[in-house]
1. Would you work out the relative contact order for the stretch 106-194, in percent, from Cα pairs under 8 angstrom that are 6 or more residues apart?
2. Three principal axis extents, largest first, for the C-alpha atoms of the stretch 273-425, in Å?
3. Can you tell me the relative contact order of the chain? Whole percent, Cα pairs under 8 Å, sequence separation 6 or more.
4. Would you mind putting 49-56, 198-205 in packing order, based on average other-beta-carbon counts within 10 Å, highest first?
5. FRET efficiency for GLU305 and ILE167, Cβ-Cβ distance as r, R0 = 51 Å, nearest 0.05?
6. Hey, fewest Cβ within 10 Å first, where do ILE333, ILE258 land in order?
7. Quote the FRET efficiency, to the nearest 0.05, computed for GLN140 versus ARG10 with a Förster distance R0 of 60 Å and r equal to the Cβ-Cβ distance.
8. Ranked by Cβ crowding within 10 angstrom, fewest neighbours first, how are HIS369, HIS239, HIS57 ordered?
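Any read-out appearing in this document is the output of simple, stated calculations on the displayed coordinates, not a laboratory observation. Every value quoted in this text rests on a predicted model; they were computed, and no experiment measured them. Neighbour counts are summed over all protein chains in view; Cβ atoms, including those assigned to glycine, are modelled from backbone coordinates with ideal geometry.
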Amino acid sequence: MQVYWSIELRRLVGGVMVAVIFGFITGYWWAAFLVTALGYVAWLLYKLRQLQLWLVHDFKPDELPDSDGVWEQVVTLINRSRQKSIKRKQKQEEILQRLNNIISALPDAVILFDDDHVIQWSNSTALALMGINGKTDVGQRIDNLLRAPEIAQALTGMDTEEEIQFISPRNAQATLQARILPVERGLWLLNVRDISQRIQLQHTRKAFIANASHELRTPLTVVSGYLELMQEDPEVPAHLVMAIQQSREQTLRMQQIISDMLTLSKLETMERAQIPLRVVDVPEMLKNTSQALTDTLAAQSHTLETHIDAELMIMGVEGELTSAITNLIDNAIKHTPAGTHVIVRWERLNQDYAALTVTDNGPGIPNEHIVHLTERFYRVDTGRSRERGGTGLGLSIVKHVIQNHQGYLSIKSRPGETTFQASFPLIKETKEAEILVNT
């Protein structure tokens, strides 16, 4: 920097010396200094004009100002800054292109739109799934291109938690699932994926379970009937009595497994909107269930205590709620040792929820098992569960019933106390159900 300024100072000193010589010769000192100053200003204006032309014409190399001193430094710094800016721009363009390629390669369709539902960008999958072209449809309203009522309703409410299912406008056999996500203020993202295979798999699984259950039920019923006759026949040899009894117990257990699998399959695949909700008399249901279990499973081994709010009822599906209640209480009895005390409570949890709480004073459940309890066929103690006739599907059924009623399940356990609490909304809510597991 000192070099550039020294050149400029020498230029100024030279101009002053010329003015002094000219003034000394002519005697017109003011004129000499004025002419010298005007010449210096004219030279600066000329260099400024060169710099302006260079900047205006996008830094053409043939118009690069040729100078020294401060002007050379100014030009050098501008050119260096420009080169850095070009490199940054190229890098940003590479990153943007890479991001576009990544998003375009995603199996999900991605559409960006603003608050007015006008499309800003979309990837190639959006064209394949919904016919929205990222090149020609930018600037169009998304609800003008997607005529599905489900999409129009979702765009009106802008619920970021809701998952929308609709039929593809390009393929009537394809089922799509969409979700609206906020990107930034005034900008939204519609994420759409093809779930046709998943839907088909659900139908296939449901059909398989139904067909397998139908094919197994008849022979199991026949086998169970013959075993019952043999068990009651006094002429059966004594050494076969135990074998026949165990065979019949296992047959009954297989029938229960088939029944539970059918129940679980229906809970997972049925359309909730087609099931009418009615006021369910849960207190009466609990009274009958508790009495039935007391007379059978817990007759000689467990004590059952109930605290029921006789006025507290909810909206729901009676058959599903009966299954959940029976499984929760049955679970507390079957998987605890003799002498266990089970307490069943039905009460208002808060202003929005009613809670069914089943507590036992058994040995408790280790923490590492709690998060898996609602999985199919999961057992904490495999031998004991099978001995007591458990199918491993009871808590899975409970979980799906609670989900279908927009409730949540809480499980807490420590040595000497285990609590299952199923909470149901007193007024049906629209939020997605959840399963809470507390250790």
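1. Details: 173 pairs, mean separation 27.3, N = 89.
Taking the mean separation of contacting Cα pairs over the length of the stretch 106-194, I get 31 percent.
2. That works out to 40, 29, 26 Å along the principal axes.
3. On the way: 626 pairs, mean separation 38.1, N = 439.
That works out to 9 percent.
4. Numbers: 49-56: 13.9, 198-205: 12.2.
Ranking the peptides 49-56, 198-205 by packing returns 49-56, 198-205.
5. Details: r = 52 Å, r/R0 = 1.03.
Taking R0 as 51 Å, the efficiency between GLU305 and ILE167 is 0.45.
6. Working: ILE333 21, ILE258 18.
Final ranking by Cβ density, sparse to dense: ILE258, ILE333.
7. On the way: r = 66 Å, r/R0 = 1.10.
According to the calculation, E is roughly 0.35.
8. Values: HIS369 15, HIS239 7, HIS57 10.
Ascending number of Cβ neighbours within 10 Å: HIS239, HIS57, HIS369.
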